[in-house]
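Structure, as structure tokens:
The values are calculated or read from the model by the stated rules, or taken from the named source; none is laboratory data. A quick note: this is a predicted structure, and the numbers were derived from the prediction, not measured. A quick note on method: Cβ atoms are made from the backbone with ideal geometry, for glycine too, and the neighbour counts reach across all protein chains shown. Accessible surface areas use protein heavy atoms only, side chains included; no ligands, DNA or RNA. Shrake-Rupley method; radii C 1.70, N 1.55, O 1.52, S 1.80 Å.
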Amino acid sequence: MDLSELERDNTGRCRLNSPVPAVCRKEPCVLGIDEAGRGPVLGPMVYAICYCPLTRLADLEALKVADSKTLSESERFRLFAKMEEDGDFVGWALDVLSPNLISTSMLGRVKYNLNSLSHDTATGLVRYALDQGVKVAQVFVDTVGPPETYQKWLQQRFPGIEVTVKAKADALFPVVSAASICAKVARDQAVKNWQFVEKLRDLDADYGSGYPNDPKTKAWLRKHVDPVFGFPQFVRFSWRTAQSILETEAEDVTWEDSQTGDQEGLGRIKSYFSESPRTSPHRPHATSRNAAWSQPPLSRLPVCTPFTPPPPFD
């Protein structure tokens, strides 16, 4: 899988896709959706779709695709390579969401939680397939949240398509299994070849599993947290594990506009990443800001005298 586009810029999101098989623009198709990397504190989350004509579904099943979590890394790569060989009837597309995008979305002024981000990403991939001319007739989705609610939400957006949302869909429907393999192969490769934009000393490439409860992952986070600047962009700093390490390992921060001895202006670097102003006691109050910022916008503009042109030359 060619991830060179992601390696050039891994700070936002990246869409990758196979060519669309000609038959998928002519015959009704079944499409599966799954993700990889929803839970880890390290690395991107990858959403994937895989599709094929309904008349070729038995051929996809014959590849022995299965839930990617039950397969070894070598088995996943072998099956993905096989799907690539069968590109005359199997197509796929991916959305790779960077850790930076996930955390800034979740902690932005307007909250955008992981479920909403997941739902919108899945919807975007279905729309992408339709825009590419794929004749999508059925969609099978591994659920995020209550399956009944998610299915109703998707069905409203795609009224002409039969939508099925199930828990463990990657173990129930081969087309979802195929999507899970695409997503997992892409995430594994992205994590293994991650291009750090930060200049890290003694970078340890052994991250462990990347999951918050992995002792090796926690040790990596503690080793690579900067006391002032926090974590590299490989880390989802909105995760509780990362925030707890910031709380204990980061330096105190004094806000520039705080008065001497004002303890309210003294906080930790975690306050920059807190979920809302209401839950962050270290953020400066509006009353403590510089007076220039508390004035109406127009009153901060300098007073300009009218321009008087010079007299014309004789």
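Summary of values
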{"item": "Only listed residue being in a loop (DSSP other than H, G, I, E, B) and not charged (D, E, K, R), chosen from 96, 65", "result": "65"}
{"item": "Search result, residues across region 42-75 that are among the β-branched types (Val, Ile, Thr) and modelled with pLDDT of 95 or more", "result": "46, 49, 55"}
{"item": "So residue 219, is it surrounded by 11 or more Cβ atoms within 10 Å (Cβ to Cβ) and farther than 21 Å from residue 243 by Cα", "result": "no"}
{"item": "Filtered residues of region 101-143 (kept if part of a loop (DSSP other than H, G, I, E, B), open to solvent by 10 Å² or more (accessible area, probe 1.4 Å) and in contact (Cβ under 8 Å) with a residue 12 or more places away in the chain)", "result": "107, 111, 132, 133, 135, 143"}
{"item": "Residue list for region 26-59, filter: touching a Leu at 6+ places or on another chain (Cβ under 6 Å) and within 14 Å of residue 134 (Cα to Cα)", "result": "28, 30, 49, 51, 52"}
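One line per residue, one yes/no per condition, for (1) among the hydroxyl-bearing types (Ser, Thr, Tyr); (2) part of a helix (DSSP H, G or I):
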{"residue": "187", "(1), (2)": "no, yes"}
{"residue": "194", "(1), (2)": "no, no"}
{"residue": "205", "(1), (2)": "no, no"}
{"residue": "208", "(1), (2)": "no, no"}
{"residue": "211", "(1), (2)": "yes, no"}
{"residue": "219", "(1), (2)": "no, yes"}
{"residue": "233", "(1), (2)": "no, no"}
{"residue": "237", "(1), (2)": "no, no"}
